[in-house]
Amino acid sequence: MVKIRYTVEMAKKIREIKVPVKGLKLEVRARPNYLALTVYEENVMQYEIDKRADIMEYLLLCKQLIESYGVRCEIEGIKYVNSKKSAPN
């Protein structure tokens with residue numbers, strides 16, 4: 001099995017794509033058979049609906065770019081889990 005790698009060239013090309021909002025957290029993670037573009041629900045949901053659409057377009061552009069290198073790519077969201085437990089009434 002060929003190990004999937006996120007190369008320096010891919011990283012440079014991703015950085016050339018204009019990020020639609022300040023503060024967007026995007027990680028590229030190597031999975032056994034593909035690269036994952038990982039975003040965090042809490043981070044994305046802080047933006048207005050129009051900006052969320054722009055973020056999705058940005059993610060799709062990044063996905064297409066990675067796939068242009070012949071590497072499978074998926075977009076993964078990390079669900080927000082509130083670690084604070086509400087006080088009983």
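Here, each number is a calculation from the coordinates, and none is a lab measurement. Just so it is clear, the structure is predicted and the values come from calculations on it, not from any experiment. Cβ placement follows ideal geometry from the backbone for every residue including glycine, while neighbour counts extend to all protein chains displayed.
At-a-glance table
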{"item": "In the range 54-69, residue surrounded by the fewest Cβ atoms within 10 Å (Cβ to Cβ) [restricted to those that are over 12 Å from the mean Cα position of the chain (by Cα) and charged (D, E, K, R)]", "result": "E67"}
{"item": "Test: residue in the range 16-30 that is aliphatic (A, V, I, L, M), assigned to a helix (DSSP H, G or I) and farther than 29 Å from V81 by Cβ", "result": "no"}
{"item": "Cβ-Cβ under 7 Å pairs, at least 6 apart or on other chains, the range 3-26 side over 25 Å from M45 (Cα atoms) and in contact (Cβ under 8 Å) with a residue 60 or more places away in the chain, far side polar (S, T, N, Q) and exposed (fewer than 15 other Cβ atoms within 10 Å of the Cβ)", "result": "I4/N33"}
{"item": "Selection count, the range 26-53, where residues are in contact with a Phe, Trp or Tyr (Cβ under 8 Å, 6 or more places away or on another chain) and aliphatic (A, V, I, L, M)", "result": "4"}
{"item": "Residues located in the range 31-41, provided they are exposed (fewer than 13 other Cβ atoms within 10 Å of the Cβ) and outside any loop (DSSP other than H, G, I, E, B)", "result": "E41"}
